[in-house]
Each structure stands twice: as structure tokens, then as C-alpha cells.
Amino acid sequence: MKMKFWNVGIEIYEDGTVKAAVLRNRLAEKQPADDYKSQPKREVYSVWFASEILAHGAVFEAMGWNEKKEAVAA
């Protein structure tokens with residue numbers, strides 16, 4: 001039986017800035033594999049979740065790193 005999975009893209013830049021978003025969803029028999037790419041000046045993660053709530057929670061948590069970075073700099 002096919003299930004729906006949600007993909008979250010996370011980019012972490014060398015200055016500590018983080019960008020994250022739910023990018024798409026997919027019907028599949030099993031959860032797609034996560035992916036990672038190291039690029040100049042940033043790391044890019046593609047992570048799959050079995051629920052939309054977990055996907056949005058991951059985005060919320062990742063974006064929280066921007067606030068932590070600003071608090072440390074102050």
C-alpha cells in the first residue's frame with residue numbers, strides 16, 4: 001500500500017544561516033532515501049518524513065537555528 005511522504009529541504013550556509021521549507025510530497029511504498037550534498041559555501045539536505053506535521057516541525061526547528069545564531073552574536 002502506498003503512503004504519502006513529505007520532503008524537507010534544508011540549506012546551511014557557512015555563515016550559519018539556515019533556510020528550510022517543505023518542498024513536495026510523494027506517494028510511495030516505502031520512505032524515500034534522505035540525501036546530502038556539500039557545495040561551496042553551503043550544505044544541502046533533503047529529508048523525507050512520514051507525516052506533514054513532522055515535516056513542518058523539522059522546518060520550524062531548523063529555522064530556530066537562525067534565532068540561536070543571532071542570540072549568540074549579540
M1 fails exactly one of the following numbered conditions: (1) of a type in the set (A, V, I, L, M); (2) over 21 Å from E67 (Cβ atoms); (3) at pLDDT 95 or above. What is the number of that condition?
(3)
Just a yes or no: is a residue in region 50-64 part of a strand (DSSP E or B) and either touching a Cys at 6+ places or on another chain (Cβ under 9 Å) or under 19 Å from F5 (Cα atoms) (or both)?
no
Give me a count of the residues in region 34-67 that are of a type in the set (G, A, S) and over 11 Å from the mean Cα position of the chain (by Cα).
4
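For (1) acidic (D, E); (2) exposed (fewer than 15 other Cβ atoms within 10 Å of the Cβ); (3) on the phi > 0 side of the Ramachandran plot, each residue gets a yes or a no:
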| position | (1), (2), (3) |
| --- | --- |
| V18 | no, no, no |
| D35 | yes, yes, no |
| K41 | no, yes, yes |
| W48 | no, no, no |
| E52 | yes, yes, no |
Identify, please: which residue in region 15-38 is modelled with pLDDT under 95 and out of contact with any strand residue (DSSP E or B) (no Cβ under 7 Å at 6 or more places or on another chain) and is, among those, farthest from A55 (Cα to Cα)?
D15
Anything in region 20-46 that is in a strand (DSSP E or B) and touching a residue at least 24 places away in the same chain (Cβ under 8 Å)? List them, or say none.
A20, A21, V22, N25, L27, A28, R42, E43, V44, Y45, S46
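The values are calculated or read from the model by the stated rules, or taken from the named source; none is laboratory data. It should be emphasised that the depicted structure is a prediction, and the values quoted were computed from it without experimental measurement. Cβ: placed from backbone, ideal geometry, glycine included. Neighbour counts: every protein chain shown.
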